[in-house]
Amino acid sequence: MKEQGYQKVFVEVLEDNKTCSFYEYYEAKLYDTVQIKIGGKILNERIYVWDNVDEVLTKLSNVKLIEEKVQ
């Protein structure tokens with residue numbers, strides 16, 4: 001990612017989605033909450049950001065290493 005010029009990582013996730021806790025656990029910051037319409041229903045969408053690509057990649061690669069050791 002960084003080689004392609006990215007400095008930050010943003011993810012958009014529906015507020016009711018349980019993966020919000022995953023992003024929060026890995027220290028993504030809540031950037032904004034917006035309302036979107038899907039199938040005629042208004043839903044809240046959270047936008048999370050990691051300010052440093054290297055940090056998020058390191059955190060997530062550490063998860064992969066732990067999973068490999070467990071298997």
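No value in this document is a laboratory result; all are computed from the given coordinates. If you're wondering where the values come from, they're calculated on a predicted model, not measured in any experiment.
Each residue of the stretch 34-39 was assigned a 3J(HN,Hα) from its phi angle through the Karplus curve 6.51 cos²θ - 1.76 cosθ + 1.60 (θ = phi - 60°); the sequence is 10, 9, 10, 10, 10, x Hz, with glycine and proline shown as x.
For the stretch 44-51, putting each phi into the Karplus relation 6.51 cos²θ - 1.76 cosθ + 1.60 with θ = phi - 60° gives couplings of 8, 10, 9, 10, 9, 9, 10, 7 Hz, in residue order, rounded to whole numbers and with x for Gly and Pro.
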